[in-house]
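Presented below is the structure to which this report refers.
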Amino acid sequence: DAVFTVNNLTVQRGSNENLSDVISGVNLSLSADAEGKSATLTIEDDLSADIKAVQTFLDQFNALQKYLAEKTATVKNSDNTYTRGALVGDSMFRSLRFDLLREFEASYSTGQAFTRLNDIGLKLDSDLKATLSDRSALENALRTDRNAVKALLDAALGALDTRLNQFTGAEGYLSHAQNSLESQMESANKAIDQMNERLAQREQSLIAQFAELQTQMTMMLYTSQQMNGIYGSLYRSG
């Protein structure tokens with residue numbers, strides 16, 4: 001059996017490998033030449049999953065900001081022409097972009113130690129890009145008061161989610177805008193169909209008038225030929 005001490009407490013186990021019930025969250029393995037030796041273990045939380053989750057949020061926030069900025073911008077081209085984004089004429093999306101930026105920098109009453117994302121190292125840079133500017137601040141906050149970090153992120157992301165739901169929810173702006181556009185398109189298509197029908201009727205009317213005119217001109221030509229024949233015979237006989 002393996003016999004060793006941890007923090008001056010004697011531990012005995014029937015194996016040297018993957019001892020997971022000695023220190024919570026830690027697997028110990030004792031090497032073959034460990035007898036009579038000691039080691040100092042410094043154990044810290046693995047924050048990689050937390051940092052990755054925060055970075056994913058920042059990446060998605062920046063992707064949305066980039067999309068809104070491009071779609072609501074008018075860009076001057078090298079040939080002095082201008083390219084307008086698809087949403088330039090819709091002030092709602094321009095307002096959404098800056099509302100999200102304000103929510104990112106807002107202060108939240110959580111009843112905990114942290115009230116702003118800036119408190120845990122999340123900031124907007126000079127280009128209004130959300131960044132993890134101070135990784136150590138976030139790591140220290142997670143180690144010292146994870147519940148406060150969670151409360152702050154819940155409040156901040158909740159506020160962002162509420163603002164976005166005003167656009168993406170079943171009763172959101174996008175749904176109403178889409179329904180309105182579809183209604184306009186339906187009305188436009190009906191107007192086009194009615195105009196095409198009137199044009200078709202007008203075409204048939206013009207064809208009929210042309211046919212009648214052509215008939216009359218043919219009759220006039222025939223009459224003219226007859227008159228020429230009669231008067232020509234009289235002229236020759238006289």
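Considering Asp21, Asp33, which residue is part of a loop (DSSP other than H, G, I, E, B) and either charged (D, E, K, R) or open to solvent by 70 Å² or more (accessible area, probe 1.4 Å) (or both)?
On the way: Asp21 fails: part of a loop (DSSP other than H, G, I, E, B).
Exactly one of Asp21, Asp33 is part of a loop (DSSP other than H, G, I, E, B) and either charged (D, E, K, R) or open to solvent by 70 Å² or more (accessible area, probe 1.4 Å) (or both), namely Asp33.
Scanning the range 4-15 for residues that are within 15 Å of Glu35 (Cβ to Cβ) and either in contact (Cβ under 8 Å) with a residue 12 or more places away in the chain or surrounded by 10 or more Cβ atoms within 10 Å (Cβ to Cβ) (or both) yields Phe4, Val11, Arg13. Check the range 140-151 and report whether any residue there is part of a helix (DSSP H, G or I), open to solvent by less than 60 Å² (accessible area, probe 1.4 Å) and free of Cβ contacts under 8 Å to residues at least 24 places away in the same chain. Within the range 140-151 (the criterion being part of a helix (DSSP H, G or I), open to solvent by less than 60 Å² (accessible area, probe 1.4 Å) and free of Cβ contacts under 8 Å to residues at least 24 places away in the same chain), the answer is no, since none of the residues qualifies. Residues of the range 78-98 that are in contact (Cβ under 8 Å) with a residue 24 or more places away in the chain and either of a type in the set (A, V, I, L, M, F, W, C) or over 14 Å from Phe167 (Cβ atoms) (or both): Met92, Phe93, Leu96.
So, Asn118, is that one part of a helix (DSSP H, G or I), at pLDDT 95 or above and within 27 Å of the chain's Cα centre (by Cα) or not? Give the derivation first.
Numbers: part of a helix (DSSP H, G or I): yes; at pLDDT 95 or above: yes; within 27 Å of the chain's Cα centre (by Cα): yes.
Against the criterion (part of a helix (DSSP H, G or I), at pLDDT 95 or above and within 27 Å of the chain's Cα centre (by Cα)), Asn118 qualifies.
Please determine whether any residue of the range 162-181 is part of a helix (DSSP H, G or I), open to solvent by 70 Å² or more (accessible area, probe 1.4 Å) and among the hydrophobic types (A, V, I, L, M, F, W, C). So that I can check it myself, show each step before the final result.
Filtering the range 162-181 for residues part of a helix (DSSP H, G or I) gives 162-168, 173-181.
Still in the running and open to solvent by 70 Å² or more (accessible area, probe 1.4 Å): 162, 165-166, 168, 174, 176, 178-179, 181.
Filter again for among the hydrophobic types (A, V, I, L, M, F, W, C), leaving 174, 181.
Within the range 162-181 (the criterion being part of a helix (DSSP H, G or I), open to solvent by 70 Å² or more (accessible area, probe 1.4 Å) and among the hydrophobic types (A, V, I, L, M, F, W, C)), the answer is yes, since at least one residue qualifies.
Look through the range 36-59, keep the residues that are hydrophobic (A, V, I, L, M, F, W, C) and within 30 Å of Leu128 (Cα to Cα), and return whichever of them is surrounded by the fewest Cβ atoms within 10 Å (Cβ to Cβ). Looking at residues that are hydrophobic (A, V, I, L, M, F, W, C) and within 30 Å of Leu128 (Cα to Cα), I get Ala49.
Yes/no matrix, rows are residues, columns are (1) of a type in the set (S, T, N, Q); (2) under 26 Å from Asp145 (Cα atoms); (3) touching a Cys at 6+ places or on another chain (Cβ under 9 Å); (4) surrounded by 12 or more Cβ atoms within 10 Å (Cβ to Cβ):
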{"position": "Tyr67", "(1), (2), (3), (4)": "no, no, no, yes"}
{"position": "Ala73", "(1), (2), (3), (4)": "no, no, no, yes"}
{"position": "Asp90", "(1), (2), (3), (4)": "no, no, no, yes"}
{"position": "Arg94", "(1), (2), (3), (4)": "no, no, no, yes"}
{"position": "Ala106", "(1), (2), (3), (4)": "no, yes, no, yes"}
{"position": "Gln112", "(1), (2), (3), (4)": "yes, yes, no, yes"}
{"position": "Leu117", "(1), (2), (3), (4)": "no, yes, no, yes"}
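The single condition among (1) at positive phi; (2) surrounded by fewer than 13 Cβ atoms within 10 Å (Cβ to Cβ) that Gly158 does not satisfy is (1).
Leu181: closer than 28 Å to Lys71 by Cα and touching a residue at least 12 places away in the same chain (Cβ under 8 Å), yes or no?
On the way: closer than 28 Å to Lys71 by Cα: yes; touching a residue at least 12 places away in the same chain (Cβ under 8 Å): no.
It is false that Leu181 is closer than 28 Å to Lys71 by Cα and touching a residue at least 12 places away in the same chain (Cβ under 8 Å).
In the range 121-139, which residues are of a type in the set (Gly, Ala, Ser), surrounded by 15 or more Cβ atoms within 10 Å (Cβ to Cβ) and not in a helix (DSSP H, G or I)?
If we filter the range 121-139 for residues that are of a type in the set (Gly, Ala, Ser), which is where we start, we get 121, 126, 130, 133, 136-137.
Retained after the next criterion (residues that are surrounded by 15 or more Cβ atoms within 10 Å (Cβ to Cβ)): 121, 130, 137.
Matches in the range 121-139: Gly121, Ala130.
Evaluate the range 62-73: report whether one residue or more is modelled with pLDDT of 90 or more and assigned to a loop (DSSP other than H, G, I, E, B). No.
The values are calculated or read from the model by the stated rules, or taken from the named source; none is laboratory data. Predicted, not measured: the structure shown is a model, and the values here were computed from it. With ideal geometry, Cβ positions are generated from the backbone for all residues, glycine too; neighbour counts draw on all protein chains shown. The accessibility values were calculated without ligands, DNA or RNA, using every heavy atom of the protein model including side chains. Shrake-Rupley method; radii C 1.70, N 1.55, O 1.52, S 1.80 Å.
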